[in-house]
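Asker: Pasting a structure below so you can have a look.
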Amino acid sequence: MKKILLLSLLCLLATALHAQPADTLRREVVLETDSGTIRIRLYNETPGHRDNFLRLVGSGAYDGVLFHRVIRDFMVQTGDLGSKTATAGQQLGDTPESYSQPAEIHYPQLLHKRGAVAAAREPDSVNPERRSSATQFYIVWGRQFNDEQLDRVQQRLDTNTGGSVTLTPEVRELYRTQGGTPHLDGQYTVFGEVVEGLEVVDRIQRTATDGNDRPTADIRIVRAYCP
């Protein structure tokens, strides 16, 4: 009787799990770097970027790429596939790509808080649709802001977005307490967030860099995989 009851409970649990909406299940990717391990959770609200990222990870595209652009108190950027074979001091970030991703910008739901993962892109002057790079992405570090600083950020956003991006009280509180890069909101696709290894991002963003913001000592993604 106990065995039958246990089986029944297991069946009910399996049915309940199967009945969960697919969008509640978020895929994750692990980046094993030579500075430590970073675990990223991808957003289902940005399915194009999610699926493109998972395809690249599954193909091994990111294995061996460098963090080629690192700016302290701002972000760390990687994903230039040409960086795998870069020579010392070589300027990186312009390796040709065969496609770009349509923007999937969902502000204020998805914003540039500390730990956010977002797609790099060409500037508005040549990319008015704000399409994303096929492969390059950055992880936000940023900093905390006070109200006066956030007022200045809002002025910058008004200029860059035609007044379409507003720092709500809730958003302002997040940037006061958690930190990030609010001046990028509403202009780049945020498609995930770091759920483990934020200390590794901190370590990378503190590294010494050259005049092109490339770390003077290479920092590499050794392996990227789906756990």
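Values in this text are rule-based calculations from the coordinates and carry no lab data. Computed from a prediction, not measured in an experiment: that's the story for all the values here. When we count neighbours, we look across all protein chains shown, and the Cβ atoms used for this are built from the backbone with ideal geometry, even at glycine.
Asker: Subtracting the Cα-Cα distance from 0.36 nm times the residue separation, let me have the gained length for Thr87 to Leu198 in nm, one decimal.
Answerer: 37.1 nm
Asker: In 5 Å bins starting at 0, how do the alpha-carbon pair distances of the range 153-213 split up by percent?
Answerer: Result returned by the calculation: 4, 14, 18, 20, 19, 15, 10, 1.
Asker: Among Ser133, Ser98, Ser83, which one moves the most in a GNM of the chain with springs linking Cα atoms closer than 10 Å?
Answerer: Maximum among the listed residues: Ser98.
Asker: At 0.36 nm per residue, minus the direct Cα-Cα distance, what do Thr161 and Asp218 gain on full extension? Give it in nm, one decimal, please.
Answerer: Working: separation 57, 0.36 × 57 = 20.52 nm, distance 3.55 nm.
Extra length from Thr161 to Asp218 when fully extended: 17.0 nm.
Asker: Below 11 angstrom from the Cβ of Ser35, what's the summed charge of the other residues (Lys, Arg +1; Asp, Glu -1)?
Answerer: -2
Asker: I would also like to ask the following. Using the basic label-point model (7 angstrom from Cα toward the beta carbon), what is the Asp51 to Val126 distance in nanometres?
Answerer: With each label placed 7 Å out from Cα toward Cβ, I get 2.8 nm.
Asker: Measuring from label point to label point, each 7 Å out along Cα→Cβ, what is the Thr168 to Asp63 span in nm?
Answerer: Result for the modelled spin labels: 4.3 nm.
Asker: From the phi of every residue in the range 219-227, what ³J(HN,Hα) in whole Hz does the Karplus formula 6.51 cos²θ - 1.76 cosθ + 1.60 yield, where θ is phi - 60° and glycine or proline is x?
Answerer: So the Karplus estimates, Gly and Pro as x, are 10, 10, 7, 6, 7, 10, 7, 8, x Hz.
Asker: Another one. Based on alpha-carbon centroids, what's the gap between the range 20-60 and the range 149-227 in Å, whole number please?
Answerer: 18
Asker: Using Cα pairs under 8 angstrom and six or more residues apart, how large is the relative contact order of the chain, in percent?
Answerer: Once normalised by length, the contact order is 33 percent.
Asker: Give me the percent relative contact order of the range 118-204, please, defined on Cα pairs under 8 angstrom at least 6 residues apart.
Answerer: This gives 36 percent for the range 118-204.
Asker: May I ask you to compute the full-extension gain from Tyr99 to Val30, defined as 0.36 nm times their residue separation minus their alpha-carbon distance, rounded to one decimal in nm?
Answerer: Working it through step by step, the gained length comes to 22.4 nm.
Asker: Which order do Leu66, Leu198 fall in if you start with the one that has the fewest other Cβ atoms within 10 Å?
Answerer: Numbers: Leu66 24, Leu198 16.
Ascending Cβ contact count within 10 Å gives the list Leu198, Leu66.
Asker: Follow-up. In percent, what relative contact order does the range 82-144 have, based on Cα pairs under 8 Å that are 6 or more apart in sequence?
Answerer: For the range 82-144, the relative contact order is 34 percent.
Asker: What list of ³J(HN,Hα) couplings, whole Hz, do you get for the range 59-69 from phi and the Karplus terms 6.51, -1.76, 1.60, once you set θ to phi - 60° and write x for glycine and proline?
Answerer: Rounded to whole hertz, the list is 7, x, 4, 8, 5, x, 6, 8, 7, 9, 9.
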